[in-house]
Amino acid sequence: MNPRRTRIAAASLLVLASCLFAAAWTQAAGDSHDLPVRAHLPLVANDEPRATTPIPSPATPTPTPSPTATPTATQPPDTTLSFDASRALEIARHLSVDIGERVAGTAGGDEAVAYLQGRFAAAGFTVELMPFGFESRYALASLQAAGQQLTAAPLTGSAGSSVTAPSLFAGHGAASDYAGRDAAGRIVVVDRGVFTFAQKATNAVAAGAAALVIVNNEAGGFSGTLGRAFPIPVVAVPGSARDLLLAEAAAGLALTVSVELPAPTAVNVIARPAPGSRCDLIVGGHYDTTPGSPGGNDNASGVASVVELARVTGPRPGVCFVAFGAEESGLWGSAALADQLAAAQALPAAVINLDVTGNGDDVELVGSASLRGRALQLAAAAGIPARPATLPEGSSSDHASFIEAGIPSILLTSGDYAGIHSPNDTFDRLNPVMLDATGELALALLLDLIEAR
């Protein structure tokens, strides 16, 4: 048994807690909240000539360190309920290895929804799929050349399709670069620079090209926008691929360019204790990823812990577990659920959110002051290292959607965000000890809230 393993109260966990949270729930509007819920950022920077870099997602939790608080110790009685990190790890492995990239509105996101639906149902819950409209920040692209899979990024305005065709190099993509060349039905490769992306795409379409590949004038990749919709796939590739692509084009060899545009609809997976049950308490975490990332830590770790918490507690009146969709595009799933519950006058009393919980040294607590204080007491009693934290401007997570609705909400996260939103966010980098610590503290807080109702 892990020496940090929390022994949690199943009944009579402090009459004090009842007073604390009865007060907290009646003054929800006064609780602190760190950030606005929907910090919708622009997709990417504009056309040429300068290079652009991806803007950090509003979902990236990067708490600013703050001094570790010294909470009032509370000794919870023993119980048989215990978070099983090995079970959570297996769920995280399936999400990040077997499924991998899970961008909302794509096939990978849909596969994650079906998997999570099955896991919640197996734990005895009534599972509801809640579709909602959203504006994706992401499209997916791939480029195959000489039997290799190359890094590629779709330009905003690109058509969504897959094309395999002979290739042709056309300089910087000026109209004159096509003189005397038959580009009809071909995948045209051009260098970045001199002309805007839109001009390059316009000239390629006029020449009859089936797709356009723009090679960066630096070793790394880039992103950008065409300014309007085009009828062919248009992708950007790193300058490091230039020699290979020009050699392929010189020989007229075939390339394959694919662009997948996410559907405008994503899904929340809601596990209720029974059909039509209210959600007086919500435990949630998002399942979607950014493009190109298997999302081991962000956020297979958090949503796997949500599923494990559901299994541990089983269906209980008023307690719902939610896997949120489209968090990486701007907290759309949690905002949609908060809006729906508010319209039905059925908002919860409190929300626990788990996001990026698989690496670090401490459990970091972000959100409403009342819940942070209680979580610190429970952590001290259980010997779990935890501290209050805040998120910097431009970062947020799903708890913020409910704080904006006036509901006390807390984010449990870890302190190491290296590699998230990248191909390096792999399952093998998860730390079972950290996953166990965040899971145990989330379980302690959930049971405390249940007892305080």
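The values are calculated or read from the model by the stated rules, or taken from the named source; none is laboratory data. Predicted, not measured: the structure shown is a model, and the values here were computed from it. Reconstructed Cβ throughout: ideal geometry from the backbone, glycine too, with neighbour counts over all protein chains shown.
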Practice problem: Run down S395, S370 and say which single residue is in contact with a Pro (Cβ under 8 Å, 6 or more places away or on another chain), surrounded by fewer than 24 Cβ atoms within 10 Å (Cβ to Cβ) and in a loop (DSSP other than H, G, I, E, B). | Solution: S395
Quiz item: For the range 106-164, what are the residues that are free of Cβ contacts under 8 Å to residues at least 40 places away in the same chain and in the same structural domain as G185 (by TED's automatic domain parsing)?
Solution: G147, Q149
Practice problem: Give the residue, chosen from A69, A104, A88, that is at pLDDT below 95, under 30 Å from T390 (Cβ atoms) and not in a strand (DSSP E or B). | Solution: A69
Exercise. May I ask you to verify whether A304 is within 20 Å of the chain's Cα centre (by Cα), within 18 Å of I403 (Cα to Cα), touching a residue at least 60 places away in the same chain (Cβ under 8 Å) and not in a loop (DSSP other than H, G, I, E, B)?
Key: no
Practice problem: Considering (1) surrounded by 24 or more Cβ atoms within 10 Å (Cβ to Cβ); (2) touching a residue at least 60 places away in the same chain (Cβ under 8 Å), say which one C320 fails and leave the rest. | Solution: (2)
Quiz item: Taking S167, is it among the small types (G, A, S), more than 30 Å from P315 (Cβ to Cβ) and out of contact with any helix residue (DSSP H, G or I) (no Cβ under 8 Å at 6 or more places or on another chain)?
Solution: no
Quiz item: Under 7 Å by Cβ, and 6 or more places apart or on different chains, what pairs join a residue from the range 89-100 that is more than 13 Å from T426 (Cβ to Cβ) with one that is surrounded by 21 or more Cβ atoms within 10 Å (Cβ to Cβ) and basic (K, R)?
Solution: I91/R119
Exercise. Select, from S401, S422, S409, S414, the only residue that is under 17 Å from G373 (Cβ atoms) and hydroxyl-bearing (S, T, Y).
Key: S409
Quiz item: Which numbered condition trips up D110, out of (1) out of contact with any helix residue (DSSP H, G or I) (no Cβ under 7 Å at 6 or more places or on another chain); (2) surrounded by fewer than 23 Cβ atoms within 10 Å (Cβ to Cβ); (3) in a strand (DSSP E or B)?
Solution: (3)
Quiz item: Are any of the residues in the range 129-140 under 15 Å from the mean Cα position of the chain (by Cα), in a helix (DSSP H, G or I) and of a type in the set (A, V, I, L, M)?
Solution: no
